[in-house]
Amino acid sequence: MKKTLRFFKYALLSILTILLLLIFYVFISNRIFIGSQEQKFTDYLKTNQEQISDNMEGKLFDDKFYNSQIFLFGEVHGFADNQKMDAIFLKFLNKKEGVRYYVAEMDSTNADKLNRFLKGSTKDQNLLTEVVTAVRKRIPQQSSMELLEKWSVVYDYNQTLADSLKISVLGVDTDFDNNSRKVSRDSAMMVNFTNSLKKLHIENEKFYGLFGFYHVLQRGANGGKMPFAERLKNSGFKVSSIISYTLDSEMYLPENPQFPTPADQKISMINANGPFMLVKGINDFSELVQPNSINLFKLDTKDSPYAKSDKLITIKSRIFGESFNPQQEASTLDYFQYIILLKNSEALSPLK
């Protein structure tokens with residue numbers, strides 16, 4: 001009996017030791033991958049930062065930015081403040097540049113319904129809820145109360161605009177009910193976008209849209225497929241890409257068959273500084289952002305250290321999503337030019 005108890009005691013100690021060593025290994029390897037702060041990067045970021053509340057000054061945007069025809073904002077789905085930021089970008093660009101076409105990561109059928117909602121004499125909450133519910137089929141982490149509230153805000157904003165500036169939606173994604181992989185989604189987005197421009201005769205307009213992170217990158221991963229933004233650039237469009245990362249924030253993780261889901265459908269381990277997602281160079285921002293804040297950083301000024309760096313575009317994913325390694329000899333600025341950093345964002349809320 002004593003030998004049996006001794007065996008289980010040593011077995012338990014061995015298991016605990018292995019677990020502790022594994023946790024220690026993951027912690028150390030995470031720190032090594034992310035890297036420590038570098039003075040030249042932190043000094044640069046301090047002078048190229050804007051904290052955003054309900055409005056945006058736009059002091060970081062220059063002629064190169066405004067000369068773009070297409071402005072793209074890329075997010076990791078599930079964080080509430082990205083929906084807030086999306087509305088801020090849309091209204092800012094509408095006022096500043098007359099942008100009135102929102103390019104959406106949804107199919108044309110649901111985009112048409114959303115346009116009916118935006119053009120209605122009164123708010124048709126049932127129609128809007130129908131669209132937000134349909135989003136679950138393609139992007140379950142985006143279908144939320146915040147998505148519904150954002151389009152309600154856009155409706156109110158539209159009522160203040162002259163007809164020539166009212167916002168409309170272009171749905172460029174594949175049909176939500178079509179799960180075929182014969183053609184990549186990014187390829188289909190490109191075809192659908194160019195077809196919409198020709199059909200509506202809006203080739204000379206400017207456009208803005210929110211997409212998943214990968215779609216707004218202006219180059220693909222090393223050995224990867226071509227993102228939507230890269231296809232746009234290759235077709236002659238001038239594109240500005242803004243991507244969003246998070247620190248100390250919660251992500252909405254709806255029930256799904258792939259991963260165990262917390263009872264409250266929230267998870268706080270998918271931030272740019274780990275432990276399940278790691279972004280090289282994210283520590284350069286750690287002392288620059290306040291709690292509960294949204295921050296915009298410009299990365300592409302003259303003599304920017306990001307012009308010769310792979311920081312912020314080298315990503316390791318331990319559980320969710322895929323890791324991302326940039327192409328050889330490519331720099332951060334080949335992929336995007338601005339970054340939104342969310343600190344203490346709440347998770348999106350399930351649709352009621």
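When we screen Asn158, Asn126 for residues that are closer than 23 Å to Phe92 by Cα and without any contact (Cβ under 8 Å) to a residue 60 or more places away in the chain, the only hit is Asn158.
The set of residues in the stretch 246-258 that are surrounded by fewer than 20 Cβ atoms within 10 Å (Cβ to Cβ), touching a residue at least 40 places away in the same chain (Cβ under 8 Å) and either under 20 Å from Leu351 (Cα atoms) or of a type in the set (Gly, Ala, Ser) (or both) comprises Pro254, Asn256. Counting only residues that are of a type outside the set (S, T, N, Q), assigned to a strand (DSSP E or B) and under 16 Å from the mean Cα position of the chain (by Cα), which one in the stretch 246-267 is nearest to Ile34 (Cα to Cα)? Across the stretch 246-267, the extreme among qualifying residues is Leu247. Can you give me the number of residues within the stretch 181-226 that are touching a Phe, Trp or Tyr at 6+ places or on another chain (Cβ under 9 Å), outside any helix (DSSP H, G or I) and at pLDDT 95 or above? Of the residues in that region, 11 qualify. Of Ile270, Ile294, Ile242, all but one fail to be in a loop (DSSP other than H, G, I, E, B) and either within 15 Å of the chain's Cα centre (by Cα) or of a type in the set (A, V, I, L, M) (or both); the exception is Ile270.
The values are calculated or read from the model by the stated rules, or taken from the named source; none is laboratory data. Because the structure is predicted, anything quoted here is derived from the model rather than measured. Note: ideal-geometry Cβ built from the backbone for every residue, glycine included; neighbour counts use all protein chains shown.
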